[in-house]
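A.B. asks: There's a structure below that I have some questions on.
Derivation of every value follows stated rules applied to the coordinates shown; laboratory data play no part. This one's a predicted model, so the numbers in the text were calculated from it and none came from an experiment. Reconstructed Cβ throughout: ideal geometry from the backbone, glycine too, with neighbour counts over all protein chains shown.
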Amino acid sequence: MIIENNYHLRFKLEHLTYLVIRVGMFRKVLFWLHLSAGVLAGIIILMMSVTGVLLTYERQLQSWEDGPYYYQPVPGEKRLTVDQLILAANRTEGFKTDNLILASANDAPFIARMGRSQTQHLNPYTGEIYTPHSDSLSNFFADVRSLHRWFMMTGDARSSARDITGAANLLFLFLLLSGSYLWLPKVFTWTNLKVRVWFNPLANTTAARNFNWHHVFAFWAAMPLIIIIPTATVFNYSWANNLVYKLAGDSPPERVVSEAPDPQDEPSNAVSIDALVANAQSYSASWKTLSFSLPAPGAQNVTFTLDEGNGGEPQKRHTVTMNRVSGATVAFVPFTDQSPGVRARRWVRFLHTGEALGLAGQTLAGLASAAAVLLVWTGLSLALRRFTRWRFRANDPVPKTAARQFP
């Protein structure tokens, strides 16, 4: 009986030892993969994180810069019609507006755009085209965004740059997931956990401080980064974009190349844009901005987007489509009536920047990006220190054991 019990005990100890060795090997392999991925993509991740911090409050800062475009009307002063404002915007030589943004606020400017690069702000009461300010912030954010996405490349080089940032982002996701496992202490005690979730006052060397900070910032930034990183992947890869629709139980949209409307089919008795705008506004008592593109010649319908939020809250954006001839509503589609895939894709767009959750979400996303900067910095510093120690040992002509025997 004693022999049999000893046999079972020895078997359990051997099995436990085998598991410990296997877990230790897995952890070691994962560590080296984690370190290699960090060294390979660290500089690119650092660039994306720094630019992410700079873009945190882009919307608010650009609104602040546009302050001179706001006008306080005198009591009784009436706005010009939308048709009149379009004519006023097109007075500028070489400018022909194709996209418009109206605001419900009395002092807000009327915005006319031509393509993506040319914008004019108009006084909605007088039709005056405001003299453009320096656009210092607009140009700055445009450059930062271009650097964030594709290293400020243009033309065909932009596609190659997007592939690089997309691959680096996938490695960042691997770093986050593998780091979450490596973050776990080998022995779970409060002492070991405490120095992984908060700053260690005893870390009085650079290496110890970097090691401690790497764990602490990883712990606090893990949750927002697990949203920010995968949502960025959706912008870089079509398979990730399609996956969003499939996970939502929807079919990915197919790209349909529609034939251009025949200008000869242009309705001669089309309803004025002003009348269509008034009809669209009636679908929301709390709309803040209304945007739409002018219909192409021959197009039968116009689609308006009503935004009841800050511009970055997808759940507060609704669409209204109207017939240009009759002025009747073809379809009113609030956010809740849009397909699950479309709703999910729009959430992805603004969860990446945190704007979907308002100012608090933006702040959280910015702090997570700042933490990512420190994670890369401390990670590369620890990797460099490890490499330096290895090179020192490799170049040491006297083995350490011999040095101890023969001082």
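A.B. asks: Which residue, Arg349, Arg162, Arg391, tops the fluctuation ranking in a GNM of the chain built on C-alpha contacts under 10 Å?
C.D. replies: Answer for the Gaussian network model of the chain: Arg391.
A.B. asks: What order do you get for 138-146, 323-331, 211-219 when each peptide is scored by the mean count of other beta carbon atoms within 10 Å, highest first? List each step's numbers first, then the result.
C.D. replies: Values: 138-146: 15.3, 323-331: 13.7, 211-219: 20.3.
Packing order, densest peptide first, comes out as 211-219, 138-146, 323-331.
A.B. asks: Something else: Would you please give the residues with an amide H less than 5 Å from that of Leu294, counting only those at least 5 places away or on a separate chain, with H modeled from the backbone geometry?
C.D. replies: When sequence neighbours closer than 5 places are left aside, the close amide H contacts are Asn99, Leu100.
A.B. asks: Among 221-228, 147-154, 187-194, how do they line up from the highest to the lowest mean number of other beta-carbon atoms within 10 Å?
C.D. replies: Values: 221-228: 18.4, 147-154: 16.6, 187-194: 8.9.
So the order, starting with the most tightly packed, is 221-228, 147-154, 187-194.
A.B. asks: What relative contact order, as a whole-number percentage, does the chain give when Cα pairs under 8 Å and 6 or more residues apart are counted?
C.D. replies: Reported as a whole number, the value is 18 percent.
A.B. asks: At 24 angstrom or more along the helix axis (alpha-carbon based) and mean Kyte-Doolittle of -1.0 or higher, what helices does the chain contain? Whole DSSP H runs only. Could the numbers behind the result be given before it?
C.D. replies: Values: long enough: 2-54 (70 Å, 1.04); 157-183 (38 Å, 0.78); 206-236 (38 Å, 0.83); 358-395 (56 Å, 0.58).
What comes out of the filter, once short or polar helices are dropped, is 2-54, 157-183, 206-236, 358-395.
A.B. asks: Any idea what the alpha-carbon Rg over 2.2 N^0.38 Å comes to for the range 67-132?
C.D. replies: 1.05
A.B. asks: Here's something else I'd like to know. Percent antiparallel among DSSP beta bridges with both residues in the chain, to the nearest 5? Mind dumping the intermediate values first?
C.D. replies: Working: 29 of 29 bridges.
Bridges in the chain that DSSP calls antiparallel: roughly 100 percent.
A.B. asks: Quick one: if you take sqrt(5λ) for each eigenvalue of the C-alpha gyration tensor of the chain, what semi-axes come out, biggest first, whole angstrom?
C.D. replies: Listed largest to smallest, the semi-axes of the chain are 57, 25, 20 Å.
A.B. asks: Relative to the Cα centre, what is the charge dipole magnitude of the chain, using +1 at the beta carbon of each Lys and Arg, -1 at the beta carbon of each Asp and Glu, and rounding to the nearest 20 debye?
C.D. replies: 2960 debye
A.B. asks: Something else about it: I'd like to know which of Leu55, Ala41, Phe31 lies farthest towards the positive end of the charge dipole of the range 28-89, counting +1 on Cβ of Lys and Arg and -1 on Cβ of Asp and Glu.
C.D. replies: Phe31
A.B. asks: Let me ask something else about it. What FRET efficiency comes out for the pair Tyr181/Ala157, r = Cβ-Cβ distance, R0 = 25 Å, nearest 0.05?
C.D. replies: Computed FRET efficiency for Tyr181 and Ala157: 0.10.
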